[in-house]
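Taken together, the values in this text are just the output of simple stated rules run on the coordinates, not laboratory data. Not measured: the values here are computed from a predicted model. Note: ideal-geometry Cβ built from the backbone for every residue, glycine included; neighbour counts use all protein chains shown.
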Amino acid sequence: MNNAERLMQFLFALRSHGVTDSRVLEAMEKIDRAAFTPGGIFADRAYDDMPLPISCGQTISQPSVVGIMTQALNVQPRDKVLEVGTGSGYQAAILSQLARRVYTVDRYSQLVRDARAVFDAMDLTNVTTFTADGSFGLPDQAPFDRIIVTAAAEDPPGPLMAQLKVGGIMVVPVGQSDAVQSLIRVTRHAAGYDYDELRPVRFVPLLEGLGRE
Ligand code: SAH
């Protein structure tokens, strides 16, 4: 299969999983997932619809899950977005195409450094990276129009709920780390929060404190 055929198949897989938003599909067509996967044995799997291992024992999410989460987030061009769980940086790069500014945070400094190098190489100047425990959000940058959490929490973290603007949306996998989790969309209203359950997912756990490698 040549690259054009791989890309066609990739976009077909996204559509067949319900990713229909043309802005999301365009962003996913433009950002080369191979740039975020470790070289060698996995590079030629970059366009398969499966999660892949990255450093620090973490994973780059399955493309259809990235598509579904991005679509559910309904990002608008003027939005300020927080991502908790930079990982490879792939999700943040997709968001950079849709939002005004993306803040992404991971507990592993090595992952943040590697992702930053790819953002710089792609000239994604609207992505700002942080090494921190993202379950506390980024109080200095808050509030956010959109928040996406790409690690599973037992409950949507309170500080993230508080850092969401009124009218804002958060997408977060919720559940025990060793079980199937539920992808939840939280919408903040003036009077409180609404919750929708979107679909079952499987993510690595949201852990406390900084990661050591
Ligand atoms: N969005 C990533 C995939 C994330 S994998 C991508 O596109 O590749 C989940 C990531 O969440 C891991 O890198 C893990 O280190 C990070 N993580 C887990 N708990 C965290 C926390 N409390 N704060 C910040 N990052 C966390």
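Do the conditions hold for Phe42, that is, is it in contact with a Leu (Cβ under 6 Å, 6 or more places away or on another chain), part of a helix (DSSP H, G or I) and more than 10 Å from the ligand (Cβ to nearest atom)?
Working: in contact with a Leu (Cβ under 6 Å, 6 or more places away or on another chain): yes; part of a helix (DSSP H, G or I): yes; more than 10 Å from the ligand (Cβ to nearest atom): yes.
So Phe42 passes the test.
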**Report entry** Candidate set from region 104-127 (those that are in contact (Cβ under 8 Å) with a residue 40 or more places away in the chain and more than 12 Å from the ligand (Cβ to nearest atom)); member that is nearest to the chain's Cα centre (by Cα)
**Finding:** Met122
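So how many residues does region 88-103 have that are of a type in the set (Ser, Thr, Tyr) and more than 8 Å from the ligand (Cβ to nearest atom)? Break it down stepwise before answering.
Taking region 88-103 and keeping what is of a type in the set (Ser, Thr, Tyr), we get 88, 90, 96, 103.
Next, from what is left, pick out any that are more than 8 Å from the ligand (Cβ to nearest atom): 96, 103.
Selection size over region 88-103: 2.
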Requested in this report: Please determine, by comparing only the residues of region 174-206 that are among the polar types (S, T, N, Q) and in a loop (DSSP other than H, G, I, E, B), which one is surrounded by the most Cβ atoms within 10 Å (Cβ to Cβ).
Outcome: Ser177
Query raised in the report: How many of the residues making up region 60-87 are within 12 Å of the ligand (Cβ to nearest atom) and either surrounded by fewer than 24 Cβ atoms within 10 Å (Cβ to Cβ) or closer than 16 Å to Val149 by Cβ (or both)?
Result: 13
Report task. Restricting attention to region 129-170, report how many residues are within 14 Å of the ligand (Cβ to nearest atom), in contact with a Phe, Trp or Tyr (Cβ under 8 Å, 6 or more places away or on another chain) and not in a loop (DSSP other than H, G, I, E, B). Result -> 5
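Quick one: in region 88-107, of everything that is in a loop (DSSP other than H, G, I, E, B) and of a type in the set (S, T, N, Q), which residue is surrounded by the fewest Cβ atoms within 10 Å (Cβ to Cβ)? First the steps, then the outcome.
So in region 88-107, the residues in a loop (DSSP other than H, G, I, E, B) come out as 88-89, 97-100, 107.
Those still in the list that are of a type in the set (S, T, N, Q) too: 88, 97.
On the way: Ser88: 25, Gln97: 19.
Here the residue is Gln97.
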**Report entry** Some residue of region 186-200 being within 14 Å of the ligand (Cβ to nearest atom) and closer than 25 Å to Tyr47 by Cβ
**Finding:** no
